[in-house]
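Presented below is the structure to which this report refers.
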Amino acid sequence: MARWDELWVDTHLATMAPAGGGYGAVVDGALAVQGDRIAWVGPRADLPGVPDQLASRVTSLEGAWLTPGLVDCHTHLVFGGHRAAEFQRRLQGESYESIARQGGGILSTVDATRAASEDLLTTAATARLAALHAGGVTTVEIKSGYGLNLDTELKMLRAARRVADSFPGTVRTTFLGAHAIPKEYQGRADDYVDVVCRQMLPAVVEAGLAEAVDVFCERIAFTPAQTATVFDAARSTDVAVKLHADQLSDSNGAALAARYGALSADHLEYASAEGIQAMAEAGTTAVLLPAASYFTHADRFPPIDRFRSAGVPMALATDCNPGSAPATSLVLMLNLACTLFRMTPEEALAGVTRHAASALGLSDRGTLELGQRADLAVWAIDEPAELSYWIGANPCVGVICGGQRVLTRPAAGGHADRPRPA
Ligand code: NIG
Ligand code: FE
């Protein structure tokens, strides 16, 4: 009797297991799944028998690499409209911040999202998620935050959950009611925070529509004190906290996130040395968003060296949103993180696998290890550094979710010449 459902051979593994360091690479490896779990992983030579007798199905990957399915741990995939006009204003020299101060930016997407039907939001987000998925993503986080009133925040979160219905991977949702001060509350931000805490958060939790709460702590959004008020309200629920922190200025966001035991603090261009130390002590993951830095012409990049020397885990995400990062390729983020931030290709891949899973509080994925969820991506590459090297190519040729092959696609870009699984 075969022990495993499926055994993958003729493959190399980037296990991303912490013990091995780097990629945790296994050249000429093998990986078996049983149900939705990894049942065996290691060098093919160590297999405890003949492949055909070990598994009901044996599949050759013809030399392709396997990595953990990618985790996009920070997106705003559900939104109405787009901001191409604002993009052109920024190209003429206007800044992201000054457009926001004039009532554009996030608030213009709020108008479009309030006007959009739940069906339309679901359809548009489904298409964006399909693009991420074709690039190896098997777990995605989706935030609300373009409703800024109860009905529309719930509509966005329901749309995010409906996207999950047609996605073989995992969707985690985050309530970002404190993303901007809505027009109706201009000059009365504290009143809006009160609504977020007393009306919106309880309704979202009651409906079971979010696993985490996020706030945009910034001089164009919410103060550290207002952020703390939202996090205090979250304490009486079972949702985790995350923070858009120190993106445009140092608001002490990193330290604030750490103080509340946040899963992650995200952006962090202006994070202070003290904030980074506090994150290290609290075990808060830094989520770095190179598309936003690139697309907004950020005047500084996150202090990678400091995160590295403090031992703060660095995750990478697309931040897919219509204003600062209209990006639907997580693989492209590896290239941007290496080129702009000078992360290493090993760090970049850990950032979209193991550390991205930590940023979502998920310990059952992000590495190829015994007992982990069998979420895998198959790549037509000769070595893992190629994932960071190509600009805008998609070397992903297959995706496996929970042990099931859910996507096989032709190699594209620089990879058409590579061997690939049938
Ligand atoms: O992560 N910084 C705040 N929120 C988003 C941008 C939202 C928008 O501009 O629509 C971000 O960059
Ligand atoms: Fe964001």
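For the range 265-338, trypsin sites (Lys or Arg not before Pro) meeting the loop criterion (DSSP other than H, G, I, E, B) and having at most 11 other Cβ atoms within 10 Å: ARG300. Computed from the Cβ-Cβ distance with R0 of 41 Å, the FRET efficiency linking PHE87 to VAL27 stands at 0.40. Think of the range 316-419 as a dipole: +1 on every Lys or Arg Cβ, -1 on every Asp or Glu Cβ, centred on the Cα centre; then among VAL352, THR408, LEU387, THR408 lies furthest on the positive end. Tell me, what % of the accessible area of the range 147-306 is carbon and sulfur with a 1.4 angstrom probe? Carbon and sulfur atoms account for 46 percent of the accessible area of the range 147-306.
Counting charges near ASN321 (Lys, Arg +1; Asp, Glu -1) among other residues having Cβ under 11 Å from its Cβ returns a value of +2. Per residue, the accessible area of the range 289-402 comes to 33 Å², computed with a 1.4 Å probe over protein heavy atoms only. Computed over the chain, relative contact order equals 19 percent, with contacts defined as Cα pairs under 8 Å that lie 6+ residues apart. Computed about the Cα centre, the dipole magnitude for the range 26-178 is approximately 340 debye when only Lys and Arg (+1) and Asp and Glu (-1) carry charge, each at its Cβ.
Applying 1/(1 + (r/R0)^6) with r as the Cβ-Cβ distance of ASP151 and ASP238 and R0 = 35 angstrom yields a FRET efficiency of 0.90.
Count Lys and Arg as plus one, Asp and Glu as minus one, and take only other residues whose Cβ is under 9 Å from that of HIS76; the net charge is then 0. Distances between placed amide hydrogens fall under 5 Å for VAL287 paired with ALA265, ASP266, HIS267, ALA315, all partners being 5 or more residues away or on another chain.
For the chain, a Kirkwood hydrodynamic radius built from all Cα pairs, placed in the Stokes-Einstein relation at 25 °C and 0.890 mPa s, yields a translational diffusion coefficient of 113 µm²/s.
From the alpha carbon centroid of the range 211-251 to that of the range 66-82 is 21 Å. Projecting the Cα atoms of THR139, LEU370, GLY42 onto the charge dipole of the chain (Cβ charges, centred on the Cα centre) puts THR139 farthest toward the positive pole. Between the C-alpha center of the range 357-411 and that of the range 1-36 there is a gap of 12 Å. Measuring nothing but how far apart in sequence close Cα pairs (under 8 Å, 6+ apart) lie, relative to its length, the range 121-207 scores a relative contact order of 31 percent. For the range 304-398, a simple Cβ point-charge model (Lys and Arg +1, Asp and Glu -1, everything else neutral) yields a dipole of about 280 debye relative to the Cα centre. Proximity of backbone amide H atoms, modeled 1.01 Å from N, is registered between GLY145 and LEU176 at under 5 Å, excluding neighbours fewer than 5 places apart on the same chain.
Label 7 Å along Cα→Cβ of ASP250; the range 268-293 residues with amide nitrogen under 15 Å? So the set is 268-279. Assuming R0 = 41 Å, can you tell me the calculated FRET efficiency for the pair ARG188 and ALA19, based on Cβ-Cβ distance, to the nearest 0.05? It comes to 0.20.
Under 11 Å from the Cβ of THR284, count the other residues' Cβ atoms, weight Lys and Arg +1, Asp and Glu -1, and hand me the total. It works out to a net charge of 0. Take every DSSP beta bridge whose two residues both sit in the chain; close to 45 percent of them are antiparallel. Based on Cα contacts under 8 Å between residues 6+ apart, the range 135-256 shows a relative contact order of 23 percent. Taking the Cα atoms of the range 234-303, the ratio Rg/Rh between the radius of gyration and the Kirkwood radius comes to 1.00.
Under 5 Å between amide hydrogens, built in the peptide plane, is the criterion, and for TRP40 it picks out ALA32 among residues at least 5 positions away or on other chains.
The values are calculated or read from the model by the stated rules, or taken from the named source; none is laboratory data. Treat the numbers as computed from the prediction; the structure is a model and nothing was measured. Methodologically, a virtual Cβ is constructed for each residue, glycine included, from the backbone with ideal geometry; neighbour enumeration extends over all protein chains shown. Side chains included, ligands, DNA and RNA excluded: accessible areas come from the protein's heavy atoms. Shrake-Rupley method; radii C 1.70, N 1.55, O 1.52, S 1.80 Å.
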